[in-house]
Amino acid sequence: MHLSRPRRIPWRELVLVASLLACGICQASGQVSIISSPWIEGFEALLELQNVPEGVQEYSWHRGANDSADSMIVSYQPPSHAWQRGPMYSSRENVTVKGHLVIKDSLLNDTGSYTVRVDLGNETQRATGWLEIHKWEGDPGISANTTSVVEYRDPMAVFCDTNVTDATRIQWYVNALNVSSNEQMTISPDRKTLTLHQLSRYDFTIWCGIENVVGLPQKSDAISPKVFYGPDSVLLRTKPSKFSSFLAAEVGSAVELDCTSTSSPRPTYHWIHNGSFLSSAASLSFPSLTWEQMGRYRCIVENPVAQLRFYRDIQIRRPRTIPDIRTGFYLSGSLVVFFIGMTVLGGVYLFGVLIYFLITRFSTSHGPSETLQRCPNSALTVGTIDGTSISISITIITTVVIHGHSL
């Protein structure tokens with residue numbers, strides 16, 4: 001199995017630095033050296049050369065700290081592209097054109113020292129390095145103290161089951177995002193326990209991951225917590241439409257009340273009518289409303305697990321009648337006749353008073369001669385009601401005092 005060159009983790013960097021310091025004199029003089037790195041059992045392992053001079057005639061790899069003929073694994077001659085197998089060859093080894101030793105399907109017993117002899121024609125250089133093969137650690141396991149919580153109320157502890165002791169190699173993921181300790185969650189010092197103080201309905205997956213010795217990520221299975229939530233609110237729909245918390249309906253009309261809410265698990269419903277339990281259905285339907293069905297209704301929505309409850313009230317009543325208010329001055333027909341008659345009589349009275357005043361004045365000034373004169377009857381039209389003329393006949397008798405003259 002092939003693995004591309006992994007990224008180094010801190011302790012591997014320290015090993016590499018120590019290896020470079022150990023052969024620093026050789027490197028300074030242009031000597032060949034071997035880069036040592038850890039590898040995983042079952043994957044391809046690589047011993048890489050550095051500071052290789054030009055014009056190499058042969059690379060010869062040996063198992064152990066010497067380059068004897070008995071310890072030779074394989075050799076490669078770049079000019080002729082010829083390979084030669086040695087006593088330690090196991091059919092899994094190969095040498096690249098740059099002189100690196102590749103071991104396929106590495107085994108734990110491949111761990112140990114390896115020596116390379118580089119023949120330059122006029123000189124020979126040697127270098128020894130260490131190959132470390134590690135057992136595959138396996139993916140981490142995951143467990144939790146509970147998988148069912150109430151939103152924003154219950155905490156949850158999740159455990160990463162792994163033999164890794166280096167805390168920096170353990171990571172936690174919530175909804176595929178790498179997380180660290182914050183106000184909502186806490187990671188233990190060894191990073192094997194994640195405590196979520198509060199969860200929401202949007203927390204879908206939780207898992208942990210490790211970085212193995214060659215820097216490859218390994219992840220556990222995902223835990224998907226069951227988060228109970230709601231009801232957040234109550235939505236009340238009615239037919240006919242309601243105004244505020246009142247629904248106007250006539251006796252005999254059709255009325256529908258529908259109560260809905262978002263909740264997990266599904267909520268329970270209770271209808272209360274004028275203080276008494278009515279129904280456990282989410283909807284009420286009255287094909288022909290009666291007087292007894294008028295009054296106050298309350299829809300109660302409850303989450304039995306989260307123990308949360310909300311309700312909405314509505315009152316069904318008859319439509320209110322708005323009186324017909326007329327603007328302006330209005331009189332009935334009889335009042336019109338009365339006022340017209342009183343106006344005419346008032347005018348006649350004033351006219352009589354004026355005549356009496358004139359007669360009294362003349363009789364005082366010229367003596368008792370007098371003549372009675374009857375004025376002809378007069379008819380005065382005062383108005384109409386429903387197209388009919390209203391008239392008043394007036395007979396005026398005046399006494400005119402004549403003193404030698406006709407008035």
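The values are calculated or read from the model by the stated rules, or taken from the named source; none is laboratory data. Bear in mind the structure is a predicted one, so any value in this text is a computation, not a measurement. Quick reminder, even Gly has a Cβ in these numbers, built from the backbone with ideal geometry, and neighbours come from all protein chains shown. We work out accessible area using only protein heavy atoms, side chains counted, and drop any ligands, DNA or RNA first. Shrake-Rupley method; radii C 1.70, N 1.55, O 1.52, S 1.80 Å.
Summary of computed values
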{"quantity": "Residue within the stretch 65-80 that is open to solvent by 50 Å² or more (accessible area, probe 1.4 Å), in contact (Cβ under 8 Å) with a residue 60 or more places away in the chain and in a helix (DSSP H, G or I) present", "calculated": "no"}
{"quantity": "Subset of the stretch 123-135 (residues that are exposed (fewer than 14 other Cβ atoms within 10 Å of the Cβ) and touching a residue at least 12 places away in the same chain (Cβ under 8 Å))", "calculated": "K135"}
{"quantity": "Filter result (touching a Pro at 6+ places or on another chain (Cβ under 8 Å) and open to solvent by 70 Å² or more (accessible area, probe 1.4 Å)) within the stretch 155-179", "calculated": "D161, T168"}
{"quantity": "Answer residue from the stretch 100-122, given it is among the hydroxyl-bearing types (S, T, Y) and touching a residue at least 40 places away in the same chain (Cβ under 8 Å) and is most open to solvent (accessible area, probe 1.4 Å) among those", "calculated": "S113"}
{"quantity": "Residue among S253, S264, S279 that alone is modelled with pLDDT of 90 or more, under 30 Å from T147 (Cβ atoms) and open to solvent by less than 70 Å² (accessible area, probe 1.4 Å)", "calculated": "S264"}
{"quantity": "Among (1) in the same structural domain as P53 (by the TED database); (2) under 30 Å from Q307 (Cβ atoms) - the single one V150 does not satisfy", "calculated": "(1)"}
{"quantity": "Leading residue by the ranking (nearest to V150 (Cα to Cα)) among those in the stretch 235-250 that are in contact with a Leu (Cβ under 9 Å, 6 or more places away or on another chain), without any contact (Cβ under 8 Å) to a residue 24 or more places away in the chain and in a strand (DSSP E or B)", "calculated": "R237"}
{"quantity": "Residue match in the stretch 321-335 (condition: of a type in the set (S, T, N, Q), open to solvent by 70 Å² or more (accessible area, probe 1.4 Å) and under 32 Å from the mean Cα position of the chain (by Cα))", "calculated": "no"}
{"quantity": "Given (1) open to solvent by 50 Å² or more (accessible area, probe 1.4 Å); (2) assigned to a loop (DSSP other than H, G, I, E, B); (3) not charged (D, E, K, R), number of the condition S285 does not satisfy", "calculated": "(2)"}
{"quantity": "Hey, S276 under 22 Å from the mean Cα position of the chain (by Cα) and among the polar types (S, T, N, Q) or not", "calculated": "no"}
{"quantity": "So Y152, is it among the hydroxyl-bearing types (S, T, Y), open to solvent by 60 Å² or more (accessible area, probe 1.4 Å), on the phi > 0 side of the Ramachandran plot and in contact (Cβ under 8 Å) with a residue 12 or more places away in the chain", "calculated": "yes"}
{"quantity": "Count - residues of the stretch 208-234 that are open to solvent by 40 Å² or more (accessible area, probe 1.4 Å), touching a residue at least 60 places away in the same chain (Cβ under 8 Å) and either assigned to a strand (DSSP E or B) or more than 30 Å from Y173 (Cβ to Cβ) (or both)", "calculated": "4"}
{"quantity": "Residue match in the stretch 169-179 (condition: assigned to a loop (DSSP other than H, G, I, E, B), on the phi < 0 side of the Ramachandran plot and in contact (Cβ under 8 Å) with a residue 12 or more places away in the chain)", "calculated": "no"}
{"quantity": "Count of the stretch 180-202 residues which are assigned to a loop (DSSP other than H, G, I, E, B) and surrounded by fewer than 19 Cβ atoms within 10 Å (Cβ to Cβ)", "calculated": "13"}
